[in-house]
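The values are calculated or read from the model by the stated rules, or taken from the named source; none is laboratory data. Predicted model, so just to flag it, every value in this text is computed and none were measured. Glycine gets a Cβ as well: all are built from the backbone with ideal geometry, and neighbour counts include every protein chain shown.
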Amino acid sequence: MGGYRPGWLNGAVAWATVIYLILPITIILPVSLTDQRFLSLPVHALSGEHYLRLLTTPAWTNAILQSAFIAVASTVLAVVLGTLCAIGCWRLSRRSTELVRALMLLPIIIPSIAYAIGLYRYFAKLGLLDSFTGVVIAHGVTGIPYVVITVSTALAAFDPRLESAARGMGASLPQTLRWVILPRIAPGIVSGAIFAFIHSWDELVVVLFIASRRVFTLPRKIWDGINENLDPAMAAVAVLLVAMTVLLLLLDLALRRQRRD
Amino acid sequence: MSGPAGHALSLQGVAKRYGDFTAVQGATLEVASGEFLTLLGPSGSGKTTILMMIAGFVEPSAGRILLDGRDITALPPERRDFGMVFQGYALFPHMTVAENVAFPLRVRRMARAERDAKVRAALDLVQLDRFADRRPSQLSGGQQQRVALARALVFDPALLLLDEPLSALDKKLRAELQEELKALHRRIGRSFINVTHDQEEALSLSDRIAILNHGHVMQVGSPEALYERPATRFVADFLGKSNFIEGEAEPDAGGMALRRGRARVVARGTAPAGRALLSLRPEKIVLLPAEGAPALAEDNVVEGRIAAWSYLGTGFAVTVETPDLGAIRVHLPAWRSPVAPAEGLAVRLGWSRDAAVVVAEDAAMAPQGHAA
Amino acid sequence: MSPKGRHAAGWWALILPAFLLMTAFYVAPILQVLAISVTEPSPGLGNYERLFTSESVQRVIGTTLRIGVVTTAVALLLGYVLAYRIALAGPRAQRWWLLAVLVPLWISVLVRAFAWVTLLRRQGLVNEGLLAAGVIDQPLSLVWNEFGIIIGMVHYMVPYAVLPMLSAMREIDPRVLAAARGLGASRTGAFLRVFLPLSLPGVIAAGVLVFIFSLGFYITPAILGGGKTLMVAEWIKLQILDLIRWGLGAMMATVLVVAILATLAVFSRLVNLRRLFGAGG
């Protein structure tokens, strides 16, 4: 904004806010490398023992693998259904599809606690409590909004005449999807997949209600850890989670930039 | 681009309504085999809607569309086998030129070798063989237009539909591509249906033109017939420029005459007694100074004064104010003009009996359409 | 040229799977909550009567609203300052500022709550640091109370506040600010009379978003409140998992959902969720 510089107070508060946002996330890195047996900064030396313990304790590795499996499966579910739905709504674009799109956004708006208690009773009837299928469905359904949002954004920039052109030249609907629409909106789909994955990977509230012994995801393990014994291995797992999220976000930003060029 | 000769298309009372709004009112049109037909009209006249109904993207509210006598009204666009050049071309930006042209063949699951040969032939046809591996964004507007043409023709479509194919190009390039399009049409012998709002383009390209206004087909005919014998005021005014003279019709030995104030204008054709309207093209009027020039040996002679004029390079556009007929526009060739135009100059205008034609008021056309 | 009749069938078929799954596994469970609230322990509106008669129910709602309002106010203030700084930054700097907002947005809530516990508890890094520096001689109680909850919730909400406000600020034509200065307005005058009013829709959108998110928040208050300060979500969990009072828990969940949807309906013109998630970069 030409010639319109922020004042010093604005700059100072903005920087303070950013430090407030970033500091707690970065502080866990040195804590995870502590040489002590309790949560603290390293005293004498940096130590990787807590990471080692994390990766050799079956309870932790199991939780990581379970979370990864559930996140991948529910992401696939959310991406396939969310993408098709967003494309259908975009192409039909009428009042009823606007309502469908609003419906798809509900899981972001309604607090997970309300969904979780409803699902608890609902799954009890269906026999889906404490099952991988149940968690994958729950995470998939609540991941759909992220995909619908990113794919709809990508479609807004898509020239609808390309679709008409393809149909006019004899392409069937599946052919048009595969060769014309999907390649053009692929970056939006990848963004949606990344967000849906992060969503499932971090989700706790629903899992607290619908899982017990068999399904034990990483967030549940961390939750128990925070409530029972705060030890540096927790910091190590937190660092792994942060690193994963940051990597996925950087990937997303890189893809967006590429799309713009 | 060999294959059977062109196909004939027929629209029978095709209409399109969106709620209360009627975009097209009962259009009936025949496109002969191998013909180049242009749908010409101002924006909102319904010409694009008709094209979209032919292509299958818009479902008619009433009427039938026949291809070689077969009803195709219910056929979805992908099963009509029509080639189409979209407004703005709609080239796939993520495919190369060759991939774009190969697309219609790919969706028909044609074998690779045959496909490649056809793509090469189509690119040859539009002289773009050297650009096969480029992306559309790396091409000029004219080249993109030719890719769109090659893509629309590569699968030997029954018909070629063109939606304002030249409107995105600058004037000079437009003239060049008009020539190419005309030559292409002659070479492949398919029926072309073109939509445009550019009357010059319509005149130079088409075998026949259908003029549309407010969803009505006003008149269909060869460019010359439409220009020389417009049926209505709208057609006369939209295709070229025209003066209109309104008055009381009366019989005359050589055709008819129109009386307005003290003036009496003779014209060919007949008109029932009562109010009538004549259309008179500005370039068919002779203009001479009122004094010091030989008398005009024309059927109609009126006097007036030059109210305004402008120089156009090829000629002068002069507006002459006459006592009885009002303002009359005249086009004079600039080269050896019989007068040096000046405001207020007294002049005489003359034109022959066959220069003016009787046209109908547009209101006279409307009731027929509203009844539909 | 939206397809009609038979042409539309194929496109509806694309929508159908998501619609069915969403109806069967999202809408149905939510509706079940509503049903439980009026059928258990006995049919009728008995559970809703508690809204007016039970002091503990009213206290929880009061606490939730109070924390929600404070969180929203602080998050809006910090978010506005940050969004303003970002909007005025050059394109390169903007990318870095934005990353600083987006990374926290997507970091696990659990990890963030854990990090705050590490920092703020009695033997935490802040207290240890202040003790070592001699600023205090008794550890401060920074967590497991309302203060801790607000610290953690504001931390979660600032990114949600920044994004809608930033996108509103980006739509402001910078030339109108130059014009205001050119017409004799001071810096502060140009900000107060031109920039602030133009960015107001973004502020309202951000406010609505942050407020409705904070009403139903579970993890952060549960961890940083230490069980002493109860907000609605944790209270619901308590009723259902620990006290097995389904009717009461479901009633509160229904009130929560209705309150959120009603707020959103009132402000629906101003809040665009799609814009929020499309704004990354």
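Before moving on, here are some points about what is shown:
- The C-beta contact set for the stretch C:57-86 (first residue away from every other protein chain (no Cβ under 11 Å), second residue buried (at least 18 other Cβ atoms within 10 Å of the Cβ) and among the aromatic types (Phe, Trp, Tyr), distance under 6 angstrom, 6+ apart or interchain) comprises C:Val60/C:Trp235; C:Gly68/C:Phe211; C:Thr72/C:Phe211.
- Count of the stretch A:162-207 residues which are more than 12 Å from chain B (Cβ to nearest Cβ) and not in a helix (DSSP H, G or I): 2
- Filtered residues of the stretch B:101-124 (kept if part of a helix (DSSP H, G or I), facing chain A (nearest Cβ under 8 Å) and in contact (Cβ under 8 Å) with a residue 40 or more places away in the chain): B:Phe103, B:Pro104
- Residue within the stretch B:148-167 that is part of a helix (DSSP H, G or I), modelled with pLDDT under 90 and either surrounded by fewer than 24 Cβ atoms within 10 Å (Cβ to Cβ) or over 22 Å from the mean Cα position of the chain (by Cα) (or both) present: no
- The stretch C:93-106 residues that are over 15 Å from C:Tyr156 (Cα atoms), paired with ones that are part of a helix (DSSP H, G or I) (beta carbon under 6 Å, 6 or more apart): C:Gln94/C:Ile86; C:Trp97/C:Ile86
- Check on A:Trp15, away from every other protein chain (no Cβ under 13 Å) and in a helix (DSSP H, G or I): no
The rows are residues; the columns are (1) out of contact with any helix residue (DSSP H, G or I) (no Cβ under 6 Å at 6 or more places or on another chain); (2) at negative phi; (3) outside the structural domain of B:Leu203 (by TED's automatic domain parsing).
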site: B:Gly13; (1), (2), (3): yes, no, no
site: B:Arg17; (1), (2), (3): yes, yes, no
site: B:Leu29; (1), (2), (3): yes, yes, no
site: B:Ser43; (1), (2), (3): yes, yes, no
site: B:Val58; (1), (2), (3): no, yes, no
site: B:Ile72; (1), (2), (3): yes, yes, no
site: B:Arg112; (1), (2), (3): yes, yes, no
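- Here B:Glu343 meets each of (1) of a type in the set (Asp, Glu); (2) more than 22 Å from B:Ile245 (Cβ to Cβ); (3) in a strand (DSSP E or B) with one exception, condition (3).
- Residues located in the stretch A:208-223, provided they are outside any loop (DSSP other than H, G, I, E, B) and either more than 11 Å from every other protein chain (Cβ to nearest Cβ) or over 20 Å from A:Ala238 (Cα atoms) (or both): A:Phe209, A:Ile210
- Criterion violated by C:Gly281 - all others in (1) modelled with pLDDT under 90; (2) surrounded by 20 or more Cβ atoms within 10 Å (Cβ to Cβ); (3) within 11 Å of chain A (Cβ to nearest Cβ) satisfied: (2)
- Qualifying residue in the stretch B:7-20 (condition: touching a residue at least 12 places away in the same chain (Cβ under 8 Å), touching a Lys or Arg at 6+ places or on another chain (Cβ under 9 Å), closer than 20 Å to A:Gly168 by Cα and surrounded by fewer than 22 Cβ atoms within 10 Å (Cβ to Cβ)): yes
- Members of the stretch A:188-216 found to be surrounded by 22 or more Cβ atoms within 10 Å (Cβ to Cβ) and among the charged types (D, E, K, R), listed by number: A:Asp202, A:Glu203
- Those residues of the stretch C:160-206 which are surrounded by fewer than 23 Cβ atoms within 10 Å (Cβ to Cβ), touching a Leu at 6+ places or on another chain (Cβ under 7 Å) and either among the small types (Gly, Ala, Ser) or modelled with pLDDT of 90 or more (or both), in sequence order: C:Tyr160, C:Ala190, C:Val203, C:Ile204
- At least 1 residues being closer than 28 Å to B:His331 by Cβ and without any contact (Cβ under 8 Å) to a residue 60 or more places away in the chain is the threshold, and among the strands (runs of 3 or more DSSP E) wholly inside the stretch B:168-257 those reaching it are B:216-221, B:243-252.
Results for (1) surrounded by 19 or more Cβ atoms within 10 Å (Cβ to Cβ); (2) farther than 30 Å from C:Thr188 by Cβ, shown as yes or no for each residue.
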{"residue": "A:Ala14", "(1), (2)": "yes, no"}
{"residue": "A:Ile25", "(1), (2)": "yes, yes"}
{"residue": "A:His50", "(1), (2)": "yes, yes"}
{"residue": "A:Thr56", "(1), (2)": "no, yes"}
{"residue": "A:Val72", "(1), (2)": "no, yes"}
{"residue": "A:Gly82", "(1), (2)": "yes, yes"}
{"residue": "A:Gly88", "(1), (2)": "yes, yes"}
{"residue": "A:Arg94", "(1), (2)": "no, yes"}
{"residue": "A:Val100", "(1), (2)": "yes, yes"}
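- Condition met for A:Leu105 (part of a helix (DSSP H, G or I), aliphatic (A, V, I, L, M) and within 9 Å of chain C (Cβ to nearest Cβ)): yes
- Among the criteria (1) part of a helix (DSSP H, G or I); (2) facing chain C (nearest Cβ under 8 Å); (3) within 25 Å of C:Ser108 (Cα to Cα), the one A:Leu55 does not fulfil is (2).
- Considering the conditions (1) assigned to a helix (DSSP H, G or I); (2) surrounded by fewer than 21 Cβ atoms within 10 Å (Cβ to Cβ); (3) touching a residue at least 12 places away in the same chain (Cβ under 8 Å), C:Ala233 is excluded by exactly one of them, (2).
- Look at (1) surrounded by fewer than 22 Cβ atoms within 10 Å (Cβ to Cβ); (2) on the phi < 0 side of the Ramachandran plot; (3) not basic (Lys, Arg) and you find that B:Gly88 fails only one, number (2).
- Against the list (1) buried (at least 18 other Cβ atoms within 10 Å of the Cβ); (2) part of a helix (DSSP H, G or I); (3) within 14 Å of chain A (Cβ to nearest Cβ), the condition B:Ala98 fails is (3).
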